[in-house]
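A short write-up of the structure that comes next.
Computed from the coordinates by the stated procedures, all read-outs in this text should not be read as laboratory data. In this text, all values refer to a predicted model and were calculated from it rather than measured experimentally. Ideal geometry is used to build each Cβ from the backbone, glycine not excepted, and the neighbour counts take in all protein chains shown.
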RNA sequence: GCCAAUGUAGCUCAGUCGGUAGAGCAAUUCACUCGUAAUGAAUAGGUCAGCGGUUCGAUUCCGCUCAUUGGCUCCA
């Protein structure tokens with residue numbers, strides 16, 4: 001254990017790296033170099049374009065500096081001194097950062113060797129205490145994260161107190177890469193992409209499609225049980241619809257170009273809401289029929305910038321497990337509560353527990369009655385509170401049309417992805433003039449809530465694959481059991497067993513190749529088949545099957561009925 | 001979209017300092033009929049991402065395009 005927090009070690013490693021970069025590339029202008037969750041980075045501006053080989057050089061220079069036992073000296077300066085210091089060294093980014101330091105705050109620099117950096121600290125006392133570090137990658141990054149600013153060169157690295165921990169971390173990254181859904185998707189033949197079809201457009205292969213089908217069936221069933229009705233709506237709609245909804249004003253960059261049909265422009269839908277609203281508006285609605293809970297597995301298409309596409313996590317065509325809840329003000333609190341409970345139930349059934357909740361409140365520019373915002377926010381807070389979830393509040397981070405709760409999940413490589421969302425909408429009910437007739441005989445404006453539980457099937461599937469590393473629980477495994485006859489003499493008996501198990505509704509396959517049983521087991525394990533049934537002369541004679549699971553357990557010989565019972569018990573586990 | 005890297009068989013990758021390519025796994029065929037993580041042999045499989053340029057000749061060098069990867073930005 002080091003006497004310093006990891007953050008201090010990492011931040012100091014960032015300084016060490018900057019010092020090495022200054023040594024190797026003296027014309028470098030420096031921006032900032034913070035510690036992160038997984039390591040550290042530093043942003044540089046220089047003429048020279050860094051190449052991957054440079055990482056080794058820089059790392060070498062860092063090690064040299066480390067071994068010189070250089071002290072980290074804290075230097076206090078007045079604002080004027082600091083300005084002069086940075087101006088003399090032509091550090092324009094640092095000058096701007098200096099201007100951000102609040103008036104009255106002590107300005108400090110940290111000097112280590114030749115490198116002296118505007119910095120709040122703290123640091124380790126001596127370069128020898130930076131611990132074990134390694135540089136990982138080079139990336140571009142806009143200055144201050146703004147697209148219109150120049151792009152700086154960023155180097156990512158990570159540091160730990162000692163070599164052992166660093167090694168452990170690097171091993172973890174390697175392990176995580178093995179469960180990356182993009183890799184497993186190809187290996188297990190779950191899904192794919194085709195250059196001919198286009199980027200961000202998913203092709204669900206049979207096994208992936210089967211899993212999706214199973215989950216969709218479960219999803220529909222649970223929605224019926226929870227008082228939802230299901231809708232189907234078209235994939236395209238006239239421009240007028242999108243004008244009314246406002247999408248053509250504020251979401252046009254996310255939409256694909258219109259197609260001309262009989263002289264009218266039609267747009268592929270980026271969202272399902274306007275269609276659901278049109279169903280709502282197909283007749284006069286009474287308070288007696290509220291709340292309405294309308295769900296749809298709605299496939300939408302959005303233009304996502306080419307650089308952001310990522311496996312199944314960020315695509316251009318995807319299916320949301322969407323629903324809209326339309327209700328009265330009296331009903332809203334309970335509706336929100338139930339949605340959140342339902343949401344957590346679904347995630348739990350899928351085997352996930354570590355969701356992080358984010359609450360986004362009213363931004364400066366917003367539409368809708370402030371009182372309604374207040375009620376909405378309260379109902380969200382209450383629901384989260386009752387569910388006992390930890391929540392991070394993003395003050396002013398809501399959409400202009402309403403507050404929301406988002407749930408996020410981390411992928412195998414630690415990147416966070418938004419999945420569930422529960423959003424109020426004070427905009428569309430106005431734009432479409434949605435009303436219901438109240439008890440008083442007058443027309444009232446209903447509350448409308450958008451929600452998606454899994455988010456989209458594509459993103460959800462990426463998380464599911466990584467969560468289970470491809471070893472899906474039995475109820476969603478595309479192939480639940482594989483029958484492995486030892487020789488051709490058992491083929492007939494194997495086929496009998498196969499037929500019976502299929503009749504009972506299990507997803508079973510046979511491996512009738514003339515391979516050794518060891519080889520068949522290897523392949524079945526590689527395919528993450530939950531159960532294998534081995535059939536040799538002994539079993540064929542006794543009318544049994546020798547069962548083993550992918551977890552390497554030998555489960556022994558059992559009858560067909562016992563096997564079926566065992567499988568069924570395992571299948572029902574998630575409920 | 002921006003900064004950078006990469007693109008060779010279905011998959012993982014080697015290779016060619018410019019003379020049209022190779023391995024392992026997978027596939028197919030044949031032999032083997034086998035007891036719990038790899039039986040053997042043979043065969044087939046590639047416009048070396050695409051287009052253009054330089055060259056006697058380009059998979060290799062150059063340019064553009066497309067796609068992927070790592071980031072940034074964005075994500076109603």
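General observations
- Search result, residues across region A:463-493 that are away from RNA strand B (no atom under 12 Å from the Cβ), within 18 Å of residue A:520 (Cβ to Cβ) and in a helix (DSSP H, G or I): A:492
- Residue list for region A:244-260, restricted to those being in a helix (DSSP H, G or I), surrounded by 14 or more Cβ atoms within 10 Å (Cβ to Cβ) and in contact (Cβ under 8 Å) with a residue 24 or more places away in the chain: A:244, A:245, A:247, A:254
- Considering only residues in region A:145-168 that are assigned to a helix (DSSP H, G or I) and more than 8 Å from RNA strand B (Cβ to nearest atom), the one that is nearest to residue A:33 (Cα to Cα) turns out to be A:166.
- One residue stands out in region A:255-272 among those that are out of contact with any helix residue (DSSP H, G or I) (no Cβ under 8 Å at 6 or more places or on another chain) and within 16 Å of RNA strand B (Cβ to nearest atom): the one that is farthest from residue A:291 (Cα to Cα), namely A:257.
- The residues listed here are A:411, A:406, A:390; of these, the one that is more than 13 Å from RNA strand B (Cβ to nearest atom) and touching a residue at least 12 places away in the same chain (Cβ under 8 Å) is A:390.
Each row is one residue, and each column tells you yes or no for (1) surrounded by fewer than 18 Cβ atoms within 10 Å (Cβ to Cβ); (2) closer than 14 Å to residue A:546 by Cβ; (3) in contact (Cβ under 8 Å) with a residue 40 or more places away in the chain.
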site	(1), (2), (3)
A:484	no, yes, yes
A:488	yes, no, no
A:492	yes, no, no
A:508	no, no, no
A:516	yes, no, no
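- Within region A:228-241, the set of residues being in a helix (DSSP H, G or I) and either in contact with a helix residue (DSSP H, G or I) (Cβ under 6 Å, 6 or more places away or on another chain) or closer than 16 Å to residue A:318 by Cβ (or both) comprises just one member, A:241.
- Options A:231, A:188, A:241: the member that is more than 30 Å from residue A:62 (Cα to Cα), away from RNA strand B (no atom under 16 Å from the Cβ) and buried (at least 16 other Cβ atoms within 10 Å of the Cβ): A:231
- Residue match in region A:535-549 (condition: more than 7 Å from RNA strand B (Cβ to nearest atom), within 22 Å of residue A:502 (Cβ to Cβ), within 34 Å of the chain's Cα centre (by Cα) and surrounded by fewer than 18 Cβ atoms within 10 Å (Cβ to Cβ)): yes
- Region A:212-227 residues that are part of a helix (DSSP H, G or I), paired with ones that are exposed (fewer than 15 other Cβ atoms within 10 Å of the Cβ) (beta carbon under 9 Å, 6 or more apart): A:218/A:574; A:220/A:230; A:222/A:345; A:223/A:229; A:223/A:230; A:224/A:230
- The residue that is surrounded by the most Cβ atoms within 10 Å (Cβ to Cβ), counting only those in region A:308-334 that are farther than 30 Å from residue A:185 by Cα and touching a helix residue (DSSP H, G or I) at 6+ places or on another chain (Cβ under 8 Å), is A:325.
- Condition check for residue A:570: more than 9 Å from RNA strand B (Cβ to nearest atom), under 39 Å from the mean Cα position of the chain (by Cα) and either closer than 22 Å to residue A:469 by Cβ or part of a loop (DSSP other than H, G, I, E, B) (or both): yes
- For region A:296-336, a tally of residues being away from RNA strand B (no atom under 15 Å from the Cβ) and either free of Cβ contacts under 8 Å to residues at least 40 places away in the same chain or in a loop (DSSP other than H, G, I, E, B) (or both) returns 5.
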